[in-house]
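*Asks:* I have a structure here, written as structure tokens, and I will follow up with some questions on it.
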Amino acid sequence: MQKRGFMSDQVSTLGTSLRRLGRERQQEKTVEAVIQLAPSYESVAAFLKDAGISKPRSAAGIQRSARQAIKVLIAGYDVENAEEMEIWLRADLQGIVDASLEMMTSARDEVFQVEQITAQTSIEQRLGDVSFREKRKTAGLMLDQAWFAGQWVTGAWEACTGALEKERKRSTETARLGPASHATKPFVSSGENVVMLAAWKQALSTGQPE
């Protein structure tokens, strides 16, 4: 029978008493909330190093793959104005936003527990306890996913804001020249939110850009 780590009871106790993320859980589930709560590269890299995990993927690479995905999505839109485009962009991204916020909250819970155990024990105790090392690795993997999620949404929204700005300029120009300068068709939702979420989850699990 495998011997339980001496910190097992501490971990369960800490896990049931966390309340520090109450305000985060009450945040509106928006793109802006994901970007605001996204962990920093420095904090993620430091934790992953301690956990024996490779450094996180670069922000530039993650954001680039997100921008490419969003550009494909936007190409399927036919909208009257920027306000309508923003509504559909937010709707298509909502599944990813919800999953990202949940991921960040769960990762921070795990990291907090590891930090509390670290503060309450010696290096020798931690090195000799398999359960702690496993918990720290699990927390590191969760934090790495939270990092990916935050950077993906950041890149995606950067592409969105660029497209919205272009649409605003087009609308202004159309208003100046007259309605005949821009033929419109009935708007049809891209229906890509489910596809986008599936592709995002695949990129998250494999580390490969979609």
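*Asks:* So if I check each of D129, D98, which one is closer than 24 Å to S43 by Cβ, under 15 Å from the mean Cα position of the chain (by Cα) and at pLDDT below 95?
*Replies:* Selected residue: D98, the only one of D129, D98 that is closer than 24 Å to S43 by Cβ, under 15 Å from the mean Cα position of the chain (by Cα) and at pLDDT below 95.
*Asks:* Still on this structure, please answer the following. Being outside any helix (DSSP H, G or I) and not β-branched (V, I, T) narrows it down to one residue among G52, G61, G95; which is it?
*Replies:* G52 is the lone residue from the list that is outside any helix (DSSP H, G or I) and not β-branched (V, I, T).
*Asks:* Take the residues of region 50-68 that are out of contact with any Gly (no Cβ under 9 Å at 6 or more places or on another chain) and open to solvent by less than 30 Å² (accessible area, probe 1.4 Å): which is farthest from A38 (Cα to Cα)?
*Replies:* Applying the filter and picking the extreme gives G61.
*Asks:* Right, next: Hey, among the residues in region 51-79 that are of a type in the set (S, T, Y) and touching a residue at least 40 places away in the same chain (Cβ under 8 Å), which one's nearest to E167 (Cα to Cα)?
*Replies:* Looking at residues that are of a type in the set (S, T, Y) and touching a residue at least 40 places away in the same chain (Cβ under 8 Å), I get Y77.
*Asks:* Taking the conditions exactly as written (open to solvent by less than 10 Å² (accessible area, probe 1.4 Å) and touching a residue at least 60 places away in the same chain (Cβ under 8 Å)), does A159 satisfy them or not?
*Replies:* Working: open to solvent by less than 10 Å² (accessible area, probe 1.4 Å): no; touching a residue at least 60 places away in the same chain (Cβ under 8 Å): yes.
So A159 fails the test.
*Asks:* Open to solvent by 60 Å² or more (accessible area, probe 1.4 Å), in contact with a Ser or Thr (Cβ under 8 Å, 6 or more places away or on another chain) and either modelled with pLDDT under 95 or not aromatic (F, W, Y) (or both), is that true of R90?
*Replies:* Details: open to solvent by 60 Å² or more (accessible area, probe 1.4 Å): yes; in contact with a Ser or Thr (Cβ under 8 Å, 6 or more places away or on another chain): yes; either modelled with pLDDT under 95 or not aromatic (F, W, Y) (or both): yes.
Yes, satisfied.
*Asks:* What pairs come out if I take residues in region 105-125 that are farther than 21 Å from A45 by Cβ and open to solvent by 60 Å² or more (accessible area, probe 1.4 Å) and pair them with residues that are of a type in the set (D, E) and modelled with pLDDT of 95 or more whose C-beta lies under 6 Å away, six or more apart or interchain?
*Replies:* none
The values are calculated or read from the model by the stated rules, or taken from the named source; none is laboratory data. Small disclaimer: the values here were computed from a predicted structure and weren't measured. No Cβ is skipped: glycine too gets one built from the backbone with ideal geometry, and neighbour counts run over all protein chains shown. In case anyone asks, the SASA skips ligands and DNA or RNA and just uses the protein heavy atoms, side chains included. Shrake-Rupley method; radii C 1.70, N 1.55, O 1.52, S 1.80 Å.
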